[in-house]
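Okay, structure first, notes after.
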Amino acid sequence: GEDVEQSLFLSVREGDSSVINCTYTDSSSTYLYWYKQEPGAGLQLLTYIFSNMDMKQDQRLTVLLNKKDKHLSLRIADTQTGDSAIYFCAERTGNNRKLIWGLGTSLAVNP
Amino acid sequence: GAGVSQTPSNKVTEKGKYVELRCDPISGHTALYWYRQSLGQGPEFLIYFQGTGAADDSGLPNDRFFAVRPEGSVSTLKIQRTERGDSAVYLCASSLGASGVDTQYFGPGTRLTVL
């Protein structure tokens, strides 16, 4: 079945790198997404990766995909206090358009 | 341009009542999605429309939940005989409905509280 898992909390110091991890079970995943949710704000797409890619870089964000281990990570370089939020990993499988979501990782950035 | 909007932003109702939640997608987006998010959880898929038709309603929890999109734009999620367990934030998203990554853009949600 479909399942997406994430660690629930991460705390880093400002200026350090953050790495948020996600595992999924469905081998037919086509796209994997990272969304950010801030209090009182809607879900914001940060980045995505297609399943035939290993890595994607977008400014401070680096996504790594290990398809063999079904493991996805999001690295945020030079983490700032404004990066404090909940980060969700989501997958889309086959021809489905629905997204299957993890529980979210709460990132706290300490000055 | 305008994003996805949802009304009301908050809805408090009593157990057993009927509620309607509205979603206005981004203009030109043919696909529309409903999810719900309980406290401390990730969003849970409910239903997806392509145009006016429900392309996938596999996430609707039971027959108390129903959604429509009669003109292929605005959608209404309808919940009959509400229960306390229906309390959650109901999220709407829209996308172009194209092939490929087809990013889903989310509205701010409607927080439903069933007393």
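The values are calculated or read from the model by the stated rules, or taken from the named source; none is laboratory data. Everything numeric here is computed off the predicted structure, so don't read it as measured data. Note that we place each Cβ from the backbone using ideal geometry, even for glycine, and neighbour counts take in every protein chain shown. Quick note on the areas: whole protein, heavy atoms, side chains included, nothing else; ligands and nucleic acids left out. Shrake-Rupley method; radii C 1.70, N 1.55, O 1.52, S 1.80 Å.
For B:Lys11, the aspartates and glutamates whose Cα comes closer than 20 Å to its Cα, not counting residues fewer than 8 places off in the same chain, are B:Glu20, B:Asp24, B:Glu44, B:Glu83, B:Asp86. Taking amide hydrogens as placed 1.01 Å from N in the peptide plane, the amide H of B:Ser5 sits under 5 Å from those of B:Asp24, each at least 5 positions away in sequence or on another chain.
Surface composition of the stretch B:34-115: carbon plus sulfur atoms hold 50% of the accessible area, using a 1.4 angstrom probe and ignoring ligands, DNA and RNA. Here the 3J(HN,Hα) profile of the stretch B:51-59, calculated from phi with Karplus coefficients 6.51, -1.76 and 1.60 at θ = phi - 60°, is x, 8, x, 7, 7, 7, 10, 5, x Hz, Gly and Pro shown as x. Which of the pairs A:Lys98/B:Lys17; A:Lys36/A:Lys98; B:Lys15/B:Lys78; A:Lys36/A:Lys56 have their Cα atoms more than 20 Å apart in this structure? From A:Lys98/B:Lys17; A:Lys36/A:Lys98; B:Lys15/B:Lys78; A:Lys36/A:Lys56, over 20 Å: A:Lys98/B:Lys17.
Ellipsoid fit via the Cα gyration tensor, the stretch B:1-97: semi-axes of 22, 14, 13 Å, each the root of five times an eigenvalue, largest first. Specify the longest stretch of chain B that does not include any exposed loop site, a site being one of the GluC sites (Glu not before Pro) with a non-H, G, I, E, B DSSP assignment and at most 11 other Cβ atoms within 10 Å. Answer from the scan: B:15-70. Among the trypsin sites (Lys or Arg not before Pro) within the stretch B:2-31, those in coil by DSSP and having at most 15 neighbouring Cβ atoms inside 10 Å are B:Lys15, B:Lys17. Interface size, chains A and B: roughly 1600 Å² of accessible area buried, both sides included, 1.4 Å probe, rounded to the nearest 100.
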